[in-house]
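The values are calculated or read from the model by the stated rules, or taken from the named source; none is laboratory data. This one's a predicted model, so the numbers in the text were calculated from it and none came from an experiment. Here Cβ is always computed from backbone atoms with ideal geometry, including for glycine, and neighbour counts include all displayed protein chains.
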Amino acid sequence: MMVGMLDRRTVLAVGALLATGLKARPKAGDGWERAAGIVARVRPPVFPKRDVDIRAYGAQAGGRVLCTRAFADAIAACVAAGGGRVIVPDGRWLTGAIRLQSNVELHLEEGAVLLFSTDPALYPIVATRFEGVELMNYSPLIYASDVRNVAVTGRGTIDGQGAAWWSWSGSARHGWREGLPNQRTARIRLFEMAEKGVPVAERRFGEGSYLRPNLIQFQRCDTVLIEGVTLRDSPCWNVHPVASRNVTLRGVTVSGLGPNNDGCDPESVDGMVIEDCTFDTGDDCIAIKSGRNADGRRLALPSHDIVIRRCTMKAGHGGVVIGSEVSGGVENVFAEQCTMSSPDLWYALRFKSNAVRGGRIAHVRARDITVGQVGKAAITCDFQYEEGRNGPFTPELDDIVVERLKVADAIRVLDCQGLPKAPVGRMTLRDCRFDGVREPSIVERITALRLDGVTVNGRPVAKL
């Protein structure tokens, strides 16, 4: 959308807005009162003042002695006593899967390193999700299901040793080569099972399937906190709250450039605050989801009421992302005061779906986002993602307002590609500045694009 490079579709979209009388500038901060309400109602859990040290249950530091049983026994003792903190002291602690229970805070003291084993046999088969589809598979490294008041906190590090798992993705870049096992066949089989309505209990994977577990997953939990810890090299997604409510992610650092190393994937979440976190990832930094295809429509659990603020995004496919597994819908997402920059960050704001996913994304607000460099466009709205138009479902994206987005270096401002029967809906860019722009925007099929106080390379563009 450089000066002199507005394409005909953009001009027609702006003209359509004028023709319908939408000339009044919406008041600044429109919709943000809901964000304040979300922050007020999403409160972290409170635990009894009781500490249970894993060393009292046989845990040995050094990273060589397996401590899985010690963690399980310490958690059980904490629950039996009425709840509290399970303490992981300074040192390296080797373990398999850890399963948390209600009223338990797993607390990593400064210098503590949770070193997760690379032996798949130490991750029992549990009910979980893989790329938005329910199944029975390896337990996430830290897992909780159907509990309340639960947390992972502290100043320690959780190391997933992901490089040992990454070749399962089938990516040569991450260690796979001809003759090695990979997830491709199992992944296709899982998606086919979901489309056919195979009961979840019969979607049994695990050994021989090579579907990687996520690092932290809270499933159908109420009142969750993840605070302060550093997450490093997850096998797959890092933080994955699923069908949970009242979730807080605060002051967490996520680092890992492996395949599908998303930083945080709220999926079918009701009420979440993500604040003061840093993401340096091999995939999307934050990607909001609500189930994939038939499974997302069967469960019909949208993600809604999510606030993202004061976060830093480095490498990643997108900074703040919604999609692509959004078949259950996403509404009321707010992002503000974030900083993003990396030649390996593709987009600042990214929306993605297609005619197989379907789903409605609506009521998204972003303001005061500062971007140094992105590798592609500042904003993308992509209905051509993966299967693109080859499906019977209609993706929707509507009521997007972006204010005071400042970008120093982007190839283009906007890459917006709707479908012939599913144009992108209303989008407003207000008081935004884009510099270092070298190519025109791609704008295909958008119902209403409003540019209000937007400059590109120092010059106003279609100021209304």
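Here is a yes/no grid of residues against (1) out of contact with any helix residue (DSSP H, G or I) (no Cβ under 7 Å at 6 or more places or on another chain); (2) of a type outside the set (V, I, T); (3) touching a residue at least 40 places away in the same chain (Cβ under 8 Å); (4) surrounded by fewer than 24 Cβ atoms within 10 Å (Cβ to Cβ):
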{"position": "F218", "(1), (2), (3), (4)": "yes, yes, yes, no"}
{"position": "V224", "(1), (2), (3), (4)": "yes, no, yes, no"}
{"position": "V254", "(1), (2), (3), (4)": "yes, no, no, no"}
{"position": "I286", "(1), (2), (3), (4)": "yes, no, no, no"}
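The set of residues from segment 394-408 being more than 17 Å from V461 (Cα to Cα) and charged (D, E, K, R) comprises E396, D398, D399. Do we find a residue being within 24 Å of H174 (Cβ to Cβ) and within 13 Å of the chain's Cα centre (by Cα) anywhere in segment 226-235? Among the residues of segment 226-235, not one is within 24 Å of H174 (Cβ to Cβ) and within 13 Å of the chain's Cα centre (by Cα), which makes the answer no. For A186, are the conditions met, namely being touching an Asp or Glu at 6+ places or on another chain (Cβ under 7 Å) and buried (at least 19 other Cβ atoms within 10 Å of the Cβ)? Here the answer is no, as A186 does not meet what is asked. Sub-6 Å Cβ pairs linking a first residue in segment 360-386 that is within 12 Å of T339 (Cα to Cα) to a second residue that is of a type in the set (G, A, S) and outside any strand (DSSP E or B), at least 6 apart or interchain, are G372/S341; Q373/S341; V374/A410, ordered by first then second residue. On inspection, R350 qualifies as surrounded by 24 or more Cβ atoms within 10 Å (Cβ to Cβ), closer than 17 Å to E444 by Cβ, basic (K, R) and in contact with a Ser or Thr (Cβ under 7 Å, 6 or more places away or on another chain).
Counting only residues that are part of a loop (DSSP other than H, G, I, E, B) and closer than 22 Å to A348 by Cα, segment 270-295 holds 7 of them.
When the residues of segment 31-49 are filtered to those that are under 25 Å from the mean Cα position of the chain (by Cα) and in a loop (DSSP other than H, G, I, E, B), which remaining residue is modelled with the lowest pLDDT? Among those that are under 25 Å from the mean Cα position of the chain (by Cα) and in a loop (DSSP other than H, G, I, E, B), it is G31. If you go through segment 294-315 and pick out every residue that is surrounded by 24 or more Cβ atoms within 10 Å (Cβ to Cβ) and more than 23 Å from T223 (Cβ to Cβ), you end up with 3. Could you tell me whether any residue of segment 197-212 is closer than 16 Å to I142 by Cα and buried (at least 18 other Cβ atoms within 10 Å of the Cβ)? Yes. Every condition in (1) of a type in the set (G, A, S); (2) touching a helix residue (DSSP H, G or I) at 6+ places or on another chain (Cβ under 8 Å); (3) more than 15 Å from E134 (Cα to Cα) holds for G263 except the one numbered (2). Take segment 207-256 and flag every residue that is touching a Phe, Trp or Tyr at 6+ places or on another chain (Cβ under 9 Å) and of a type in the set (D, E). Hits for segment 207-256 are E207, D233. Picking from residues in segment 256-284 that are among the polar types (S, T, N, Q) and on the phi > 0 side of the Ramachandran plot, the one that is surrounded by the most Cβ atoms within 10 Å (Cβ to Cβ) is S268. Of the residues making up segment 103-120, those that are outside any strand (DSSP E or B) and within 16 Å of Y143 (Cα to Cα) number 3. Just give me the residues in segment 329-355 being charged (D, E, K, R) and part of a strand (DSSP E or B), in sequence order. Hits for segment 329-355 are E331, E336, R350, K352.
Here is the figure for segment 369-397: residues that are outside any loop (DSSP other than H, G, I, E, B), closer than 22 Å to N332 by Cα and either over 20 Å from the mean Cα position of the chain (by Cα) or β-branched (V, I, T) (or both) total 4.
Beta carbons closer than 7 Å, at least 6 apart along the sequence or on distinct chains, never pair a first residue in segment 302-331 that is without any contact (Cβ under 8 Å) to a residue 24 or more places away in the chain with a second that is surrounded by fewer than 24 Cβ atoms within 10 Å (Cβ to Cβ) and in a strand (DSSP E or B).
Among residues of segment 422-438 that are among the acidic types (D, E), those with a beta-carbon under 8 Å from a residue that is surrounded by fewer than 21 Cβ atoms within 10 Å (Cβ to Cβ) and at pLDDT 95 or above at least six positions away or on a different chain give the pairs D431/R404; D431/D452; D431/G453; D435/A408; D435/D409; D435/N457; D435/G458. Flag not set for V152, criterion: crowded, with 24+ Cβ neighbours inside 10 Å and either among the acidic types (D, E) or more than 24 Å from the chain's Cα centre (by Cα) (or both).
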